[in-house]
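Step one of this worksheet: look at the structure below.
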Amino acid sequence: MKLYDCIILTDHRYLNDSKTDAYKHNVYYEDRLLYHALEAVGLKTLRLAWDDLFFDWSTTKSIIFRTTWDYFDRFDEFSKWLEQVSKQTTLINSESLIRWNIDKHYLLDLQENGIHVAESHFIEKGAKVSLHQLHDILNWQHTVLKPCVSGAGRHTYKLNLKNLDDHESIFQDLIAEEAMMLQPFQNNIVTKGEVSMMVFNGTYTHAVLKKAKSGDFRVQDDFGGTVHDYNPSEEEIRFAEAAVKACNELPLYARVDIFEDNDGHIALSELELIEPELWFRNHPEAANVLASAVKIHLNKLSYDR
């Protein structure tokens, strides 16, 4: 007998609310919105850190990844836990989707399925190449370098032909340990921002516009970025829903990050299926949409069995 229907996953830093740290409060508040939404549709729910040492994961029908924001800093440990827990309960989103989405090579799959993605060049682990050689071969002058497995702007660098030497050492250290990707710098992300669109079970619900602080290019709030309500165009909504449906299986929840590329076209920056911030605080009713989707999903799994 399963004791719980759905466990909301966080990491240990965000288990408790904070009256002094707005960032932690927002994480706690949004997870609580989902908690109450799941309870409202009749699902017995608990919120735990993914690395909880005492919980028996076989006692819940499912787990939903929400704010496990330390996974990329503890990737080996997380990966082993993911393999184990997937044998004990249902993962939302699935293990297959999570593992696919962890590595930004997934952009190539979406591109093959007709989604316009940010122009990218992948440099595989152990490659014997310099930043000067890459920029010369690709004929790019202004670029952004980042790891293929990352988050929160980890090891993300803005490059140009004048500062390549300054970053060569860190690049060589990184490429010895992990795959990297190089992209042309997208001017409109700085001038217009990046749009995050929330899609649940294939259907769009709401969006926000993320803007970098003056003098920066990173839109994450970790680096001073700001978030604003946003009303997307019908074209943007169609793009977001198409991006989600281009996956090998339909995610129950997704955040589709888009921008206007240097040629003026809508392009996919990221498709976040693991633990995306979903800005329920801007659109609380979306938590109810996700909760209903989880209940339908669990009912279907029970019926299929």
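For the subset of segment 20-70 comprising residues that are of a type in the set (Lys, Arg) and in contact with a helix residue (DSSP H, G or I) (Cβ under 7 Å, 6 or more places away or on another chain), which member is nearest to Ile274 (Cα to Cα)?
So, considering only residues that are of a type in the set (Lys, Arg) and in contact with a helix residue (DSSP H, G or I) (Cβ under 7 Å, 6 or more places away or on another chain), the one nearest to Ile274 (Cα to Cα) is Arg66.
Would you point out which residue out of Lys146, Lys158, Lys125 is at pLDDT 95 or above, of a type in the set (D, E, K, R), not in a helix (DSSP H, G or I) and not assigned by TED's automatic domain parsing to the domain that holds Leu252?
Lys125 is the lone residue from the list that is at pLDDT 95 or above, of a type in the set (D, E, K, R), not in a helix (DSSP H, G or I) and not assigned by TED's automatic domain parsing to the domain that holds Leu252.
For the condition part of a helix (DSSP H, G or I) and either under 19 Å from Glu236 (Cα atoms) or free of Cβ contacts under 8 Å to residues at least 40 places away in the same chain (or both), what is the one hit in Asn299, Asn288?
The conditions single out Asn299.
Of the residues Ile102, Ile115, Ile92, which single one is buried (at least 19 other Cβ atoms within 10 Å of the Cβ), modelled with pLDDT under 95 and closer than 30 Å to Ala293 by Cα?
Ile102
Please go through segment 118-149 and pick out each residue that is in contact (Cβ under 8 Å) with a residue 24 or more places away in the chain and either surrounded by fewer than 12 Cβ atoms within 10 Å (Cβ to Cβ) or on the phi > 0 side of the Ramachandran plot (or both).
Gly126
What is the one condition in (1) surrounded by 14 or more Cβ atoms within 10 Å (Cβ to Cβ); (2) at pLDDT below 95 that Tyr23 does not satisfy?
(1)
Among Lys24, Lys19, which is the only one that is in the same structural domain as Ile296 (by TED's automatic domain parsing) and touching a His at 6+ places or on another chain (Cβ under 9 Å)?
Answer to the check: Lys19.
Out of the residues in segment 160-190 meeting the condition of being among the polar types (S, T, N, Q) and in contact with a strand residue (DSSP E or B) (Cβ under 9 Å, 6 or more places away or on another chain), tell me which one is farthest from Lys104 (Cα to Cα).
Asn163
If I filter segment 180-197 down to residues being β-branched (Val, Ile, Thr) and in contact (Cβ under 8 Å) with a residue 40 or more places away in the chain, which single residue comes out as nearest to His121 (Cα to Cα)?
Ile189
Would you check if Phe72 is buried (at least 19 other Cβ atoms within 10 Å of the Cβ) and touching a residue at least 12 places away in the same chain (Cβ under 8 Å)?
Criteria not met by Phe72.
The values are calculated or read from the model by the stated rules, or taken from the named source; none is laboratory data. Keep in mind it's a predicted model, so treat the numbers as computed, not measured. Reconstructed Cβ throughout: ideal geometry from the backbone, glycine too, with neighbour counts over all protein chains shown.
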